[in-house]
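Student: Got a structure for you, questions after.
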Amino acid sequence: MTGMAVEGPPGPGRVDRVLLRELIGQVLRRVRLDQGKTLREVADPARVSVGYLSEVERGRKEPSSEVLAAICRALGLALPELLIAVLRELAAPRPRLEVRGRDFDLAA
């Protein structure tokens with residue numbers, strides 16, 4: 001996962017914060033690519049620009065619930081399915097690396 005933000009000093013007690021818009025974008029892009037669809041093939045029926053959809057997929061824009069629902073419809077994806085996939089991303093263990101007593105998040 002990319003886009004991990006770290007609050008506080010590194011080490012024990014560190015809190016990692018995931019941006020929800022980035023996870024949503026990752027899942028939407030994965031679904032679109034799995035379906036073999038282009039950005040245009042999803043953007044047009046969702047009534048959003050290709051550029052905006054690209055920004056959503058990259059986690060740069062946070063779509064309204066109406067736009068998110070339209071994108072899901074264009075993908076043939078139910079909103080609960082999207083949310084379940086995002087929840088799985090949140091729950092997935094992230095690889096970590098310890099070097100000389102310091103803990104690094106490899107997904108950052």
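The values are calculated or read from the model by the stated rules, or taken from the named source; none is laboratory data. Only a predicted model underlies this, so the values are computations on that prediction, with no experimental measurement involved. Don't worry about glycine lacking a Cβ; one is built from the backbone with ideal geometry, like all the others, and counts go over all protein chains shown.
Student: Which of (1) modelled with pLDDT of 95 or more; (2) out of contact with any Cys (no Cβ under 9 Å at 6 or more places or on another chain); (3) surrounded by fewer than 16 Cβ atoms within 10 Å (Cβ to Cβ) does L106 not meet, given it meets every other one?
Tutor: (1)
Student: May I pose another question? Only one of these is more than 19 Å from L23 (Cβ to Cβ), of a type in the set (D, E, K, R) and in contact (Cβ under 8 Å) with a residue 24 or more places away in the chain: R40, R58, R47, R73. Name it. Walk me through it before giving the result.
Tutor: Values: R40 fails: in contact (Cβ under 8 Å) with a residue 24 or more places away in the chain; R58 fails: more than 19 Å from L23 (Cβ to Cβ); R47 fails: in contact (Cβ under 8 Å) with a residue 24 or more places away in the chain.
Matching residue, one of R40, R58, R47, R73: R73.
Student: Give me the residue from segment 1-60 that is farther than 20 Å from L82 by Cα and among the acidic types (D, E) and, out of that set, modelled with the highest pLDDT.
Tutor: Only one residue tops the list, namely D16.
Student: Then there's this: Specify which of the listed residues (A74, A69) is modelled with pLDDT of 70 or more and buried (at least 17 other Cβ atoms within 10 Å of the Cβ).
Tutor: Matching residue, one of A74, A69: A74.
Student: Among (1) at pLDDT 95 or above; (2) in a helix (DSSP H, G or I), where does L90 come up short?
Tutor: (1)
Student: Right, S64: without any contact (Cβ under 8 Å) to a residue 12 or more places away in the chain and either polar (S, T, N, Q) or in contact with a Pro (Cβ under 7 Å, 6 or more places away or on another chain) (or both) or not?
Tutor: Values: without any contact (Cβ under 8 Å) to a residue 12 or more places away in the chain: yes; either polar (S, T, N, Q) or in contact with a Pro (Cβ under 7 Å, 6 or more places away or on another chain) (or both): yes.
Criteria met by S64.
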